[in-house]
1. Out of THR444, THR484, I need the residue that is within 16 Å of the ligand (Cβ to nearest atom), in a strand (DSSP E or B) and modelled with pLDDT of 95 or more. Which one?
2. In the stretch 316-330, how many residues are of a type outside the set (S, T, N, Q) and more than 13 Å from GLU105 (Cα to Cα)?
3. If you take the residues in the stretch 236-271 that are of a type outside the set (A, V, I, L, M, F, W, C) and without any contact (Cβ under 8 Å) to a residue 60 or more places away in the chain, which one is surrounded by the most Cβ atoms within 10 Å (Cβ to Cβ)?
4. Scan the stretch 24-34 and give yes if some residue there is under 30 Å from LYS324 (Cβ atoms) and either among the small types (Gly, Ala, Ser) or more than 27 Å from the chain's Cα centre (by Cα) (or both), otherwise no.
5. What pairs can you find where one residue is in the stretch 438-450 and within 11 Å of ILE264 (Cα to Cα), the other is surrounded by fewer than 22 Cβ atoms within 10 Å (Cβ to Cβ) and among the charged types (D, E, K, R), and their Cβ atoms are less than 8 Å apart, with a gap of 6+ or different chains?
6. Criterion first (surrounded by 23 or more Cβ atoms within 10 Å (Cβ to Cβ), at pLDDT 95 or above and farther than 20 Å from ALA211 by Cα) does ALA80 satisfy it?
7. Here are some residues: SER421, SER426, SER465. Which one is out of contact with any Pro (no Cβ under 9 Å at 6 or more places or on another chain), within 16 Å of the ligand (Cβ to nearest atom) and of a type in the set (Ser, Thr, Tyr)?
8. Could you tell me whether ILE297 is in contact with a Pro (Cβ under 7 Å, 6 or more places away or on another chain) and among the hydrophobic types (A, V, I, L, M, F, W, C)?
Amino acid sequence: MSTPQAQPATPHFANYINGEWVTSSKTFESRNPANTDEVIGVFSKATTADMERAANAAEAALPGWASMPAPARGNILYKAADILEKKFDQLGAEMTREEGKTLPEAKGEVRRAINIFRYFAGEGSRLDGVMVPSERERVHVFAIRKPIGVVGLVTPWNFPIAIPAWKMAPALICGNTIIVKPASVAPLSAWRLVEALHEAGAPKGVVNFVAGSGGELGAALVNAKPVKAISFTGSNDIGHWIHQEASKRRLRIQLEMGGKNPTIVLADADLKMAVENVVNAAFFSTGQKCTATSRAIVEEGIYNKFVEAVVERTKSLKVGDGMKPGIEIGPCVDEGQMDTVLKYIEIGRKESGEPKCGGKRLTGDGYDKGYFVEPTVFADVKPEHTIAREEIFGPVLAITRARDFEDAMRIANDTPFGLSSSIQTSNLSKMFDYVYRAEAGLLTINLPSAGVEYQLPFGGTKDSSFGPKEQGPAALDFYSDYKTVYVKY
Ligand code: NAP
């Protein structure tokens, strides 16, 4: 008779308000999208009263945190980064299990979050102001940065640790106190950042974590009196709602939203590199990167060869549980996202014809308990087709034929979105033409459209974004304000 194995209890993750871990009577589960039998964690579901408490706690903590020397605030971020570093492998595995991306991708993202914490910790010793000569004699003029106050940070599930990190770290270093509202499908990675800050000695009330339905908590956050600014990353619909509501209170807002990112492939491109870059940008992380390529716009002269090579490479991608070595593409994050992807594939079939590869949910051994969709390539997609116009946020690539560079530029820019954009070419003159004319905030040349670095400004144009850029030195401009001083001496 076999001995019954003790099942490890599912961990419970409480909210964090005013320096204390606060449980709720209501909870929600986060499940592994590669194996929905596995519960990653049970989370306390915050109420609107919890959101109010968090906002009040953040307000009470503000004077102390804002007056702490910025390098001392930086030391807390450095300590938190060291704590995260010690848990590096654990955090990577947790992210793969909560979001589905492969373990190497997840570890890369954890590395990025640690680097972001250290980068902004360093900003604590560099926070600059303005010092210029006065027009008047014996008058000294300067401007110093000051925090904005209590800031609400609303984050999506697709980069569950990097996006919270790139909002939390600059907000904190500038002296703001924060309320973090993570995505409900993947809240654990953000919770770990908060845990690290708690262990690093962030004073009570400086960092608050409130998990639960955005639909229920959103209004409470936007209307909480102490909140002075909101930084949001997510879908256009929610972003527009926040814009409307937050503008009524004249909150400072920063919105990073959807995309329909093009990669132009010109006939003079290095074919092998272009294929690798497009496949990487379209399918890695299951196409669930905001900067993913969802449209390849390919010049006539290279079109047939490109389609053939992309299809061949796409068919070779290994789809499965991202914890397994060799897997390149994980599942969609949840059932809703998978259904959206499958719905768009059906629309694509009707408007653009049968896909050249993929097109189905994966079933059978190793797939039945997850949300796996075959990486799917549509060719000869017309620019007006739905799959070339609407964000899908999954492993679906639409390839469109362009007559020449001018035609490709026109098609690439003909979208309300403007997040990222890429070109594959060896022609220097066209590269620069592209740099000046591409309507997107993030451009790559002979690289995948996805894959940004934290030390540079990040964000889009047109309907993809609103407000100042994130990351790099630009982030400080959203999270601080100037106080200008004139002195007669
Ligand atoms: P989402 O549905 O808009 O959710 C984003 C966040 O907003 C979640 O925390 C969500 O909470 C919360 N939320 C929902 N309703 C709200 C409300 N009424 N008020 C305030 N917050 C509310 O987006 P998602 O599905 O998580 O992420 C995918 C989208 O994000 C895609 O469109 C993608 O392009 C975009 N994205 C953009 C960037 C960028 O930098 N531009 C980066 C990553 C992702 P719940 O989870 O509880 O609903």
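1. Exactly one of THR444, THR484 is within 16 Å of the ligand (Cβ to nearest atom), in a strand (DSSP E or B) and modelled with pLDDT of 95 or more, namely THR444.
2. 4
3. GLU245
4. Yes, the stretch 24-34 has at least one match.
5. ASN446/ASP270
6. Against the criterion (surrounded by 23 or more Cβ atoms within 10 Å (Cβ to Cβ), at pLDDT 95 or above and farther than 20 Å from ALA211 by Cα), ALA80 qualifies.
7. Criteria check complete, one pass: SER465.
8. yes
The values are calculated or read from the model by the stated rules, or taken from the named source; none is laboratory data. Everything numeric in this text was worked out from a predicted model, so none of it was measured. Please note: Cβ atoms are built from the backbone with ideal geometry, for glycine as well, and neighbour counts cover all protein chains shown.
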